[in-house]
Amino acid sequence: MTDDKQAKSHTHVETRGAHDLGGFLNHLLAHGIDARISREEMPKTPYEERADAMLLLLSNAGKGFLNIHAMRRASEQFTHEDYLKLSYYDRWLKAMAALCIETGVFSDHEWQAKKQQVILQNKAAQKRISD
Amino acid sequence: MADHQNYIHDHTHSNDHATHPDLDGHTLSDGEVWEAALRELLLEKGVITLPELNDQMNRTASQSATFGASIIAKAWTDQKFKKALLANPKATIADLGHDISTMPDLVIVENRVDVHNVVVCTLCSCYPRYMLGPPPEWYRSAAYRARVVRDPREVLIEFGLNISAEKTIRVYDSTADLRYMVMPLCPPGAEHTPVKHLQTIITRDSMIGVGLPRLP
């Protein structure tokens, strides 16, 4: 059992992985995370539904392309800031992309270029709609 | 296949969903950019196909806590099944004709008169989806993960569940390889109710341990 005092000291040295949240309420508070548990049922947004489907397709429950443990390891390497700031699916998306680059599914260059292309397409669509 | 295509269309407002699913004029968030970029690259590289993506979305949409509830309801009314289920959950469920061989291991913890069980995944958000459907947002939240292991009684009160001080509360921490779920106590007298009716009172939250079965 870790007491609160110990948890607080962990907040400063942050020797734990960013994912290791059990019992560390003060760690959340120190990062400005709401400690209240919202019980609101939040249906997944369309992009979250697709992210969820990709996660399951790639994982060992699906094609076994990216092992779930590898995906966890990727998200566990995030900084504490990133880990706590990112939503659940954004964390997985970032981890999946990092692993795809690591395992050579696509290159970092392709990833950067594709993100840029998506952003430009989004801007072009916005312009079409406003015109 | 047509219904699968419709499924993705329902969510996209666009015919060219393969490349531009959410172009309805809003500025994409970082996550939306990452999702679109990842999906397009995986499709281009042939790692996944659009039908596979649609099929997976359909499979996920078809999963719910109703399945878990039907298993618990059967256990409440069939002592032999219950014993087997608690001893060897996956094999016992598979014996009913469900293919769950690729699913992570499952342990079902039984609530007792003197023990209330509650499940969390502190390190991640591991959850027995094939039994309970997709995990609720709060289950994945940093607040639930951090707090329920330290002060379960207080957290359960926030869920409207006041566990008497005489009862022990056990918190089970799921992992990627082993997922827990709770077998709630059958409300007194309800064991003689038909399984079909029983499964409607066994809520998702009662199988996570943050709720109790709804009274019949």
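Annotations
- Search result, residues across region A:72-81 that are more than 9 Å from every other protein chain (Cβ to nearest Cβ) and either free of Cβ contacts under 8 Å to residues at least 60 places away in the same chain or over 10 Å from the mean Cα position of the chain (by Cα) (or both): A:Arg73, A:Ala74, A:Gln77, A:Thr79, A:His80, A:Glu81
- Considering residues of region A:82-112 that are within 9 Å of chain B (Cβ to nearest Cβ) and either in contact with a strand residue (DSSP E or B) (Cβ under 6 Å, 6 or more places away or on another chain) or of a type in the set (Gly, Ala, Ser) (or both) only, the residue farthest from B:Ala37 (Cα to Cα): A:Ser87
- Pairs where the first residue, in region B:92-107, is within 18 Å of B:Tyr127 (Cβ to Cβ) and the second is among the hydroxyl-bearing types (Ser, Thr, Tyr), C-beta under 7 Å, 6+ apart: B:Ile100/B:Tyr130; B:Met103/B:Tyr130; B:Val107/B:Tyr180
- Candidates B:Glu40, B:Glu35, filtered to the one that is at the interface with chain A (Cβ under 7 Å from one of its Cβ atoms) and in contact with a Phe, Trp or Tyr (Cβ under 7 Å, 6 or more places away or on another chain): B:Glu35
- Filter result (at the interface with chain B (Cβ under 7 Å from one of its Cβ atoms) and touching a residue at least 12 places away in the same chain (Cβ under 8 Å)) within region A:28-41: A:Leu28, A:Ile33
- The residues of region B:135-178 that are without any contact (Cβ under 8 Å) to a residue 12 or more places away in the chain, acidic (Asp, Glu) and at the interface with chain A (Cβ under 8 Å from one of its Cβ atoms), listed by number, are B:Glu137, B:Glu158.
- For region A:34-60, a residue qualifies if it is surrounded by fewer than 17 Cβ atoms within 10 Å (Cβ to Cβ) and of a type in the set (A, V, I, L, M), and the qualifying residues are A:Ala35, A:Met42.
- Selection within region B:120-134 - within 13 Å of chain A (Cβ to nearest Cβ) and not basic (Lys, Arg): B:Val120, B:Cys121, B:Thr122, B:Leu123, B:Cys124, B:Ser125, B:Cys126, B:Tyr127, B:Pro128, B:Tyr130, B:Gly133, B:Pro134
- Checking each residue in region A:51-95 for being polar (S, T, N, Q) and over 17 Å from B:Ser174 (Cβ atoms) picks out A:Asn67, A:Gln77, A:Thr79, A:Ser87.
- Candidates B:Val113, B:Val210 - the one that is touching a residue at least 40 places away in the same chain (Cβ under 8 Å), touching a Phe, Trp or Tyr at 6+ places or on another chain (Cβ under 6 Å) and β-branched (Val, Ile, Thr): B:Val210
- Checking A:Ile119, A:Ile101 one by one, the residue that is closer than 28 Å to B:Thr102 by Cβ, among the β-branched types (Val, Ile, Thr) and not assigned by TED's automatic domain parsing to the domain that holds A:His19 is A:Ile101 and no other.
- Residues satisfying the stated conditions in region A:42-68, i.e. touching a Leu at 6+ places or on another chain (Cβ under 8 Å), at the interface with another protein chain (Cβ under 7 Å from one of its Cβ atoms) and of a type in the set (D, E, K, R): A:Arg50
- Scanning region B:73-99 for residues that are in contact with a strand residue (DSSP E or B) (Cβ under 8 Å, 6 or more places away or on another chain) and surrounded by fewer than 16 Cβ atoms within 10 Å (Cβ to Cβ) returns a single hit, B:Leu86.
- Only a single criterion out of (1) surrounded by fewer than 16 Cβ atoms within 10 Å (Cβ to Cβ); (2) in contact with a Gly (Cβ under 9 Å, 6 or more places away or on another chain); (3) at pLDDT 95 or above is not satisfied by B:Asp114, namely (2).
The values are calculated or read from the model by the stated rules, or taken from the named source; none is laboratory data. What you see is a predicted model, and the numbers here were worked out from it, not measured in a lab. Counting neighbours? That spans all protein chains shown, and the Cβs are built from the backbone with ideal geometry, glycine included.
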